[in-house]
Every structure is written in structure tokens, then in C-alpha cells.
1. Between residue 384 and residue 138, what is the FRET efficiency for a Förster distance of 35 Å, r being their Cβ-Cβ separation, to the nearest 0.05?
2. From the alpha carbon gyration tensor of the range 184-266, can you work out the equivalent ellipsoid semi-axes (sqrt of 5 times each eigenvalue) and give them in Å, largest to smallest?
3. How far apart, in nm, are two points set 7 Å out from the Cα along the Cα-to-Cβ line at residue 230 and at residue 109?
4. Which length gain, in nm to one decimal place, applies between residue 92 and residue 262 when the Cα-Cα distance is subtracted from 0.36 nm times their residue separation?
5. By how many nm would the segment from residue 203 to residue 180 grow when fully extended, if each residue of separation counts as 0.36 nm and the alpha-carbon distance is taken off?
6. Which whole-number value in Å² is the accessible area per residue of the range 77-235, probe 1.4 Å?
7. Using only the alpha-carbon atoms, what does the range 83-232 span along each of its principal axes? Please give whole angstrom values in decreasing order.
8. Which residues' amide hydrogens lie under 5 Å from the amide hydrogen of residue 265, considering only partners 5 or more residues apart or on another chain, with H built in the peptide plane?
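The values are calculated or read from the model by the stated rules, or taken from the named source; none is laboratory data. Not measured: the values here are computed from a predicted model. Cβ sites come from the backbone with ideal geometry, for glycine too, and all protein chains shown count toward neighbours. Side chains included, ligands, DNA and RNA excluded: accessible areas come from the protein's heavy atoms. Shrake-Rupley method; radii C 1.70, N 1.55, O 1.52, S 1.80 Å.
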Amino acid sequence: MQSQFAQLNEVLAPYPWAYTAIVLSGLLLLAWLANFVTKRILLRGLRQLLQRTALGGAQHDQQVRMQVVPRLANVVPALVIAAGISMVPDLHPQLVAVVKALCQVFVVVTIALAVSKVLDAINRSYERRPDAQNKPIKGYFQVAKIIMFVLVGISVVATLVGAEFLHIVTGLGAMTAVLLLIFQDTILSLVASVQISNDGRVRIGDWIEMPGQNADGDVIDIALHTITVRNWDRTVTTVPTKKLVSDAFKNWRHMSEGGGRRIKRALHIDQRSVRFLEPDEVQRFRCFVLLDDYLDRKEAELNEWNAALAARGAEPVNHRRVTNLGTFRAYVQHYLGSHPGINQDLTLLVRQLQPTETGLPLEIYCFTADTRWAVYEGIQSDIFDHLLAILPEFGLSVFQAHSDAAVEVHLRHLEGDGGVAQPARAFAAAQPSPDAPDAH
């Protein structure tokens, strides 16, 4: 073997770098073969082994197999090059030292990234537990990753400059106060940018609302120090990146992704218009297709209740009856339940709120199926247009402040009711004017 190397040296003697190039090529080929064998043979066998064991079942995290293990496999060719570079003849010692240092840096960074993926996988597995929401551990893993990457960064710097790890740590400890004072904003912005990019709390195109910074619009740029928001009035607001970590803000992205935009608006009913329905009125409401089931169910319920009262000899005043407000509430519930623009998989409520001096609020709480702003406003307006128009059919009226125009419209409406308007006009004329000196 030695004679063959001697003969090769004699043949390549006129070409000083030829032998070095051949050995270097052989080293690179060996590193490639090591990488090929590791990924194509060992990893394939490892995947098959995991699939046959409990670790390869449905509970095993796919990302561990597909990202962590292949990432660790990249360490093998780096180790081969680091071990064999010193055997290449005629290389400058400094070049050999640089190559070894780069290989060591690659190995350390690769292992750190793999450990980070493992921590993420452990956190995801933990979050599947029923009690994970009460005792989250994501924050602890984030602190562990920060400490790990800081140590990795110090190790990389020490390896590249050829210094001792402890010496670098000691020097940084003395400079920490000065660095924090000079680069305080930059460090805070950098940490905030890392957190924002990791958890995805803000992305370009998100609609965010941050009243403290006068920001209400779409995010159009995310930089190290600032995030640019184009408001709905077409003005632009720049928000410090660190504010999105330290201050509260609202992100509407999940509303768009969730498939529903909330409608929460109330009709203020005049409480004086709420009353019981007569039997003929109940029969008239049967012409509303949406009320058939409600009236049938309500009639059976009330008949059973009232029959029990009659058996006990109770007076008719104790009987339960259908109200126009309850019937209208059932109509609205069924109307929204059959509306094509309402998401039927999300919460849908028609409820009464606490009465106030402005009437009895009947709140509509539902979600539109289309979250686009213009479409959402159109659906909401159509719903309340219909409800306001059909409200008089139930003998109900909307509460609002009185005005002369409202009185005139009401009187004109009564003129077609067999002369009812004349006594009403006489009564209105007899009332003192609000602008009169003696009016109260």
C-alpha cells in the first residue's frame, strides 16, 4: 500500500496540488457516502421500525420523524470532514483549523435546532392532554430554547475566534450592562420580532385593532423596530414592534378564518305595545310558515298547563297565554335559522336584555357565513330591514323619541280606521305645547 502511494506521489510530482486535490475529493466523496448511507438506509430502517412500534402509531408526532431525525443525520458528514481534513496533505494549518471550526459550528447548531424541534413536539403532545389548558408548559420550553440558543451562540463565537467558552462568558458578563443600555430598543424589538414570528400573533395582511396606538386596519409591513398598519381611513400608523408583546391588541384574523362574523344588535321595543294575543290573532299568525311549529308546540304546552289549573278550580286570570313579543321572538329565531347568510354552526340567539328608559332591547346575536365587510353589512342591514318592516304585524312598535313628524304619521295612519283619527287629533290639540311657558 505504501509503495502504491509512493508511486502515485512520483507520478503526480510535476503537479504539486494534484495529490492534495485527489485526497480532498476522496474525503468529500466519503462524506457524501456517509450522508447517503445514513439517510437512505439507516433512516429508512428507523422509520419502518417506528411504524411497527408504539412510537410509530397515531400518537407519535410526525414532525419528530420527518424533521428531527434527518436533521441529526446531517451531523454525520460534518464529523467525517472534521476528522479527515487534517489528513489532506499540503493544506495550510490555518485552513485546516477554519474547516474544523466550521464543522464544529455546524454540528452544534444542527443539534440545537433538532433539540428545539423535540421540545416543540413534546409541547404539542402535552397540549393534547385534557388538563393542558390549566397547566401550560409552553413558556418554560420557550425560556429553555432561549437559554440554549444563547449558549449555542456563545459557543459558536468561541469556536470561530479560537477562544475559551468560559472566557467569552466572563467577557460578556462585564459588557452586559453597557450593551443593554446602548441597544435597549434594538434588543427589545429583536426579542419581540422573534416572538411574533414564532407564535404567528401578527402577519402581513392581518386586521389588527390597537386603540392605544391609533391603529385600526391592515398590517402592510413587519420590520425589526416597527409594524406598519394602514388604517381604514387610508392613513398609516407605525407601531413599535415591542408594543405588540407588551400591550394588548385585537387581531381579527381568526374571525376571518373561523367562517363567521358576529352580529350583535338590538331592537328596542316599546314595552307599552307588549300584550297577550287573542285566539283569532293566534289563528291569523298560522299563515306565517315559520311559526307553525312554534304555535303547535306552544298550544300543546299551554293547554296542558291551563287544564291542570282548571282541574284545581283556578280562575281564568291565572291561565297562561301567548304574547305578541314571544311570538315575534320565535319568528326571529326561525327566520335567522333559515337565513342563507347566517352560519348555522355558530351561536344563534334572540334574547331579551334588561329594560331601560329606551325600551325593551330584543338582541340579535348570530354570525354571518361571509366575513367580508361589505357582504357582512349587507346581510345585517337586510335582516333588520325585514324585522323593522314586519314588527307592526305582531302589534309591536319600536321605541324612539317622539317628534311632531312621528305624531303626524301616526294620525294619518289612523285616518283609515273608521274615524279614530279625529278624537286622536282633538286629544293632541288639547295637550300643552312643549314650548309653551306653562308646559311641564
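1. 0.20
2. Values: eigenvalues 113, 42, 25 Å².
Taking √(5λ) for each eigenvalue gives 24, 14, 11 Å, largest first.
3. The two pseudo-label positions are separated by 3.6 nm.
4. Once the chain is fully extended between residue 92 and residue 262, it gains 54.2 nm.
5. 5.5 nm
6. Solvent-accessible surface per residue comes out at 63 Å².
7. Taking the Cα atoms of the range 83-232, the three principal extents are 67, 43, 31 Å.
8. Result for residue 265 returns 364.
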